[in-house]
1. Computed over the Cα atoms of segment 286-349, what is the ratio Rg over Rh, Rh following Kirkwood?
2. DSSP loop trypsin sites (Lys or Arg not before Pro) in segment 1-75 with at most 12 other Cβ atoms within 10 Å of their Cβ, which ones?
3. Angle between the Cα long axis of helix 317-355 and the longest principal axis of the chain, 0 to 90 degrees, nearest 10?
4. Where the centroid of each part is defined by its Cα atoms, how far is segment 302-321 from segment 142-193 in Å?
5. Expressed as a rounded percentage, what relative contact order does the chain have, with Cα pairs under 8 Å and six or more residues apart?
6. Can you check what the Kirkwood hydrodynamic radius comes to for segment 248-336, Cα pairs only, in Å to one decimal?
7. In degrees, nearest 10, range 0 to 90: what is the angle between the Cα axis of helix 203-223 and the longest Cα principal axis of the chain?
8. Please report the spacing between the Cα centers of segment 51-82 and segment 242-296 in Å, no decimals.
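Bear in mind these aren't lab numbers, they're just calculated from the coordinates by the rules spelled out. Keep in mind it's a predicted model, so treat the numbers as computed, not measured. Cβ atoms come from the backbone with ideal geometry, glycine included; neighbour counts cover every protein chain shown.
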Amino acid sequence: MTTNTLTYDERVLRRQLENADWLGSRGLDGLDKLRALVKLTEANDGGMGHPLVALPRGWYRAIPLHGAVMNNHVATTLPFLVEDLGVGLESPEKKAGNRPAHTAVIWGHNDVVAYLLARGARHDAENLEGMTLAPMARRRQALLVGGTQAERAYYARNGVPLDYLVDEGARLVRMLDGVENAGSWDAWASGGVARPLVAKAAPWLLAAQRRLDLFLVRACAVAMGVKSFEAKEQKKKKKGPSKATLKKRAAEEEKAAIAAAEAAVAASDPPLQAALDAAGLGEEQFSRALRWLGATTIAEARDLDRGDVGRVDGLESKERRSLWLFVADRLKQLTDARDAAVAAAREKAARALAAAEPPKLLDNKAGIMFRLECPVGCFALVAKFAYNARPRPPPPRPITDERLLAAVAGMKI
């Protein structure tokens, strides 16, 4: 369906869905406006004085999730769309047929992938390439690990912590491989309800496990003839920053170290002509070639790639090679400085992490005394109160309204 063949009603509906998708991509900034938008029962196409038309009942259930997923809004707009509105989890985008979970894998948002799977997204759904989630995650990880030096320089230049992406990507691959091998998210998650990703995405599983543990303790106590039991909380020891805090601090310090290294290299750069003279490339054709490429400083020369230099007219093949070696040497100077700064920052972070005392895992709710002659029903109420969690939300109902399905199918999401 193209824009030219849309009726006015279809155009209005398409506009509402696109606006909602955009607000979903804004996270907290767009949440209030999104809440207001989905309450509308009629709208127009945005034109001044254009007539209002009725929107299909429940039109908001067709809002695409890709905006919220792409921007990792797992704590704001994504749960509003999925849990409050019942938006479907399997709507594919038009170009590649990626479902929201595919999009989360592409962007490396582990929490979003776990969130969608815990709420019923299919791990074996295929996009137009025939890719399911686990193979897509493995392909992404191979690209991150096998990146070229130029790609690594690009990441460093833009302050992107590539090693962090690699570590998170490895966790994503392990999770999706586990889900694929187990046959489903539920089968994999039930084998490790205390895993951080599982506990965050499906807190009801951990709560249920803890309630079961309480019943097992009670059963053992009854079998031993004990009439009451009490789990006393140990005294907390003063502790330093958590490992999560230290890792976050290390990432910030690494980024600052890269910026400082770049500034130091930039401060030590001589004028471009002086550097060319020192490298034996003081002839006019070399400086003229760099000016033609838009490079009047060493910093600008570092942004050139081999293809840029290869397209320069007026230089012989040998001269182009000499000029590229000059550019590559300047880039290596910057890359080496960044690598040294990162290595020093990581060594410092490793020492801080090794020195950090592991947090003492205490469960305040375990400090409850139970009288075992209390009926099991009362005990169950106490256990449910002590370890309560929202129940697993029901999976969204499929959309059957043909008008909604047609509107989503034509969206460029």
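1. Reported Rg/Rh, Kirkwood definition of Rh: 1.15.
2. Qualifying residues, ordered by number: LYS39, ARG57.
3. Long axis of 317-355 versus the principal axis of the chain: about 30 degrees.
4. 37 Å
5. Contact order relative to length: 20 percent.
6. 13.9 Å
7. Helix 203-223 sits at roughly 40 degrees to that axis.
8. Segment 51-82 and segment 242-296 have Cα centres spaced 44 Å from each other.
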